[in-house]
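Undergrad: Sharing a structure below in structure tokens format, with a few things to ask.
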Amino acid sequence: MSEPHPPPARPRGTSRIGDALAVMKRHRFLLFVLLAASAGVALSLRAQTNNPNKSSDPLASDKPTTPVKPAIYEPANKGVYLGAALDTSQLRGDATQWLTTQMADFNKLAGKKQALYLHFMQFPNEKGVFGNWNRDANGWVSAATFSNACDRMGAVPILTLEPMQPRALLDWRPGSPSYEATKAFAQGAGAWNKPVFIRFGHEMNGSWYPWGEWIDKNENQVFDPEEATNFSGANYITAYRNVASMFRQYAPKAALMWCPNSGLVGGGRRDPFRRWYPGDDVVDWVGLDVYERGFFLPPATAHLWGGQFAYNLTHDAADDPNTPNNESVGFYSIYASVKRKPIMICETGATQSFRADLTLPQRTQMTRDWKIGYWNDNEYGWMQNVYGTSFYKGQKFLHPLDVEFPMIKAVLWFQIAKREDVSGRTPGQPIVRFKNAWLDYRISGGANPDDRSLNTRQEADVFRALTANPYFLSDVQPTNLNR
């Protein structure tokens, strides 16, 4: 049976090695086991970095070749736009009214109007059919409907275009379905004539989408040749640039965003970002999807490291913790410090609600703690990891957002719960698969679908307190329109 509305996107775990470090900070004996188990992933780059034929500056090739100007919609002063991804799969009745109600409800929960809301749409869908600005290919919420709902709420839409048949976008010539559909979509955005973000083919560096290089059908977190999609990084760049060309031509108020996932699995020491980067000229903002659900299955008594979010920004998934930091492919260093692109955390959240290996009380407590727990100034929940600033007086943070990551200009919470097959492992043990597991990333979510009451007030209160400062912005600024 086909679904009447789009299923939510599939969030994946954060850096697999990074997840484990949160445990290793408290259980040093796991380090040897983890490295032995992950030898195919966590390979040292020492030989590469000591190669005299390579540049002494590992970021030399990332430096812009032309002067960098502030990006379209980049805040004129310091600050971070607030936002969220909401579940549109339960839509009922009038779509615009239903969407505005959902946005209003989240604004109330958050205690502050959100500047951005995120939407997913297939372009083309799994049958290779394209929609346009006013019509979704699957009959789901259209770009026009979602954008109008955002506009009613004083928010700006982020439209995530998911190319379910990505090779269609390589047939690029006047008259081809992809060329004409993308042109029509961009013209619709241009006619709307209001701010919009276009996020094409997100998480292309993962192992779960057809526009990535492989799909982990065997669920073993290792690349197997038969899992290849035959859609390379070079193919992705071509498709991205094709789509971008239309928005550049027909929709001057559209900001183009490139958004990888913070994790990369599959064995081998590979650059998790650069091979898919389409070029400074077609990227206004750089996004990042980063989740914390503990791929390495922390025990029920575990504490979340307060440096986990920062680690995901400064180290890559294949980083060897025994080697210097500069041997890692640092996302923030490349795209924020060197390229000077504003960074948007497009999807983030935390949960342990899928842990069927734990009792319900353990799951409930751990899901709450993984979001808002506090043990000491070095160990605290994901919400504090992400939104903690030097302005906040409730506790100290290892890596205040405003001090250490000033180029992060927007953060969106993944306010969605859903069922999904999930895999995880204890270091040195076989992979554990949780079938049809309940993943609740929502602020005020629960450990099972029937009970959201236990942590509702606590989680909302922490979110409100963390984001109350004017540093967190409720309105997108119409800056730098003349690019």
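The values are calculated or read from the model by the stated rules, or taken from the named source; none is laboratory data. Worth saying up front: this structure is predicted, and the values here are computed from it rather than measured. Here Cβ is always computed from backbone atoms with ideal geometry, including for glycine, and neighbour counts include all displayed protein chains.
Undergrad: Among the numbered criteria (1) modelled with pLDDT under 95; (2) touching a Pro at 6+ places or on another chain (Cβ under 8 Å), which single criterion is violated by LYS339?
TA: (1)
Undergrad: Do we find that PHE185 is crowded, with 19+ Cβ neighbours inside 10 Å and either among the β-branched types (Val, Ile, Thr) or not in a strand (DSSP E or B) (or both) in this structure?
TA: So PHE185 passes the test.
Undergrad: Can you find a residue that is of a type outside the set (Val, Ile, Thr) and touching a residue at least 60 places away in the same chain (Cβ under 8 Å) anywhere in region 148-159?
TA: Yes.
Undergrad: OK, next. So which of LYS418, LYS409 ends up being under 22 Å from the mean Cα position of the chain (by Cα), modelled with pLDDT of 95 or more, part of a strand (DSSP E or B) and at negative phi? Quick ask: steps written out before the conclusion?
TA: On the way: LYS418 fails: modelled with pLDDT of 95 or more.
Among LYS418, LYS409, only LYS409 is under 22 Å from the mean Cα position of the chain (by Cα), modelled with pLDDT of 95 or more, part of a strand (DSSP E or B) and at negative phi.
Undergrad: If you check ASN242 against the conditions, is it touching a strand residue (DSSP E or B) at 6+ places or on another chain (Cβ under 9 Å) and in contact (Cβ under 8 Å) with a residue 12 or more places away in the chain?
TA: So ASN242 does not fit the description; no.
Undergrad: Is it the case, given these coordinates, that TYR374 is surrounded by fewer than 17 Cβ atoms within 10 Å (Cβ to Cβ), under 18 Å from ALA468 (Cβ atoms) and among the aromatic types (Phe, Trp, Tyr)?
TA: In short, yes.
A quick yes/no check of all residues on (1) crowded, with 23+ Cβ neighbours inside 10 Å; (2) touching a Gly at 6+ places or on another chain (Cβ under 8 Å); (3) of a type in the set (Gly, Ala, Ser):
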residue: GLU74; (1), (2), (3): no, no, no
residue: LYS78; (1), (2), (3): no, no, no
residue: ALA85; (1), (2), (3): yes, no, yes
residue: LEU91; (1), (2), (3): no, no, no
residue: GLN97; (1), (2), (3): no, no, no
residue: THR100; (1), (2), (3): no, no, no
residue: PHE106; (1), (2), (3): no, no, no
residue: LYS112; (1), (2), (3): no, no, no
residue: TYR117; (1), (2), (3): yes, yes, no
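Undergrad: Within region 55-77, can you find the residues that are in contact with a helix residue (DSSP H, G or I) (Cβ under 7 Å, 6 or more places away or on another chain) and assigned to a loop (DSSP other than H, G, I, E, B)?
TA: PRO58, LEU59, LYS63, PRO64
Undergrad: Sticking with this one: Starting from residues that are free of Cβ contacts under 8 Å to residues at least 24 places away in the same chain and surrounded by 16 or more Cβ atoms within 10 Å (Cβ to Cβ), keep the ones in region 213-228 and report whichever is farthest from the chain's Cα centre (by Cα).
TA: GLU227
Undergrad: I've got another one for you. Do we find that PRO430 is in contact (Cβ under 8 Å) with a residue 24 or more places away in the chain, in a loop (DSSP other than H, G, I, E, B) and surrounded by fewer than 17 Cβ atoms within 10 Å (Cβ to Cβ) in this structure?
TA: Working: in contact (Cβ under 8 Å) with a residue 24 or more places away in the chain: no; in a loop (DSSP other than H, G, I, E, B): yes; surrounded by fewer than 17 Cβ atoms within 10 Å (Cβ to Cβ): yes.
In short, no.
Undergrad: Quickly run through region 206-255 and pick out the residues that are under 21 Å from GLY279 (Cβ atoms), among the charged types (D, E, K, R) and part of a helix (DSSP H, G or I).
TA: ARG241, ARG248
Undergrad: Take region 188-212 and flag every residue that is buried (at least 20 other Cβ atoms within 10 Å of the Cβ) and modelled with pLDDT under 95.
TA: Across region 188-212, the qualifying residues are ASN205, GLY206, SER207.
Undergrad: While we're looking at this one, here's another question. Criterion first (basic (Lys, Arg), closer than 23 Å to ILE443 by Cα and out of contact with any His (no Cβ under 9 Å at 6 or more places or on another chain)) does LYS108 satisfy it?
TA: Spelling it out, LYS108 is indeed basic (Lys, Arg), closer than 23 Å to ILE443 by Cα and out of contact with any His (no Cβ under 9 Å at 6 or more places or on another chain).
Undergrad: Out of all the residues in region 256-268, is one or more of a type in the set (Ser, Thr, Tyr), under 25 Å from ASP171 (Cβ atoms) and either outside any strand (DSSP E or B) or in contact with a helix residue (DSSP H, G or I) (Cβ under 7 Å, 6 or more places away or on another chain) (or both)?
TA: no
Undergrad: Mind checking which pairs have a first residue in region 178-204 that is closer than 20 Å to ALA85 by Cβ and a second that is assigned to a loop (DSSP other than H, G, I, E, B) and of a type in the set (A, V, I, L, M), Cβ under 6 Å, 6 or more apart or different chains?
TA: Correct list of pairs: ALA189/ALA251; PRO195/VAL476.
Undergrad: One residue is enough: does region 464-477 have a residue meeting the conditions farther than 17 Å from ASN312 by Cβ and without any contact (Cβ under 8 Å) to a residue 24 or more places away in the chain?
TA: First pass over region 464-477, keeping only residues farther than 17 Å from ASN312 by Cβ: 464-477.
Add one more test, that the residue is without any contact (Cβ under 8 Å) to a residue 24 or more places away in the chain, and what stays is none.
Within region 464-477 (the criterion being farther than 17 Å from ASN312 by Cβ and without any contact (Cβ under 8 Å) to a residue 24 or more places away in the chain), the answer is no, since none of the residues qualifies.
Undergrad: Residues PHE185, PHE200, PHE231: which one is over 30 Å from VAL476 (Cβ atoms) and not aliphatic (A, V, I, L, M)? Talk me through it step by step, then tell me what you get.
TA: Values: PHE185 fails: over 30 Å from VAL476 (Cβ atoms); PHE200 fails: over 30 Å from VAL476 (Cβ atoms).
From the options PHE185, PHE200, PHE231, the qualifying one is PHE231.
Undergrad: One residue is enough: does region 168-186 have a residue meeting the conditions among the polar types (S, T, N, Q) and in contact with a helix residue (DSSP H, G or I) (Cβ under 7 Å, 6 or more places away or on another chain)?
TA: Yes.
Undergrad: Next question. Here are some residues: GLY139, GLY93, GLY154, GLY128. Which one is touching an Asp or Glu at 6+ places or on another chain (Cβ under 9 Å) and either of a type in the set (D, E, K, R) or not in a helix (DSSP H, G or I) (or both)?
TA: GLY154
Undergrad: GLN90 is checked against (1) at pLDDT below 95; (2) in contact with a Lys or Arg (Cβ under 6 Å, 6 or more places away or on another chain); (3) not aromatic (Phe, Trp, Tyr) and fails just one. What number does that condition carry?
TA: Among (1) at pLDDT below 95; (2) in contact with a Lys or Arg (Cβ under 6 Å, 6 or more places away or on another chain); (3) not aromatic (Phe, Trp, Tyr), the lone unmet condition for GLN90 is (2).
Undergrad: List pairs: first in region 371-384 and farther than 21 Å from VAL290 by Cα and at pLDDT 95 or above, second basic (Lys, Arg) and part of a loop (DSSP other than H, G, I, E, B), Cβ under 8 Å, 6+ apart or cross-chain?
TA: ASP377/LYS396
Undergrad: A further question on this structure: Looking at (1) surrounded by 18 or more Cβ atoms within 10 Å (Cβ to Cβ); (2) of a type outside the set (Ser, Thr, Tyr); (3) closer than 26 Å to VAL411 by Cβ, can you tell me which one ALA239 breaks?
TA: (3)
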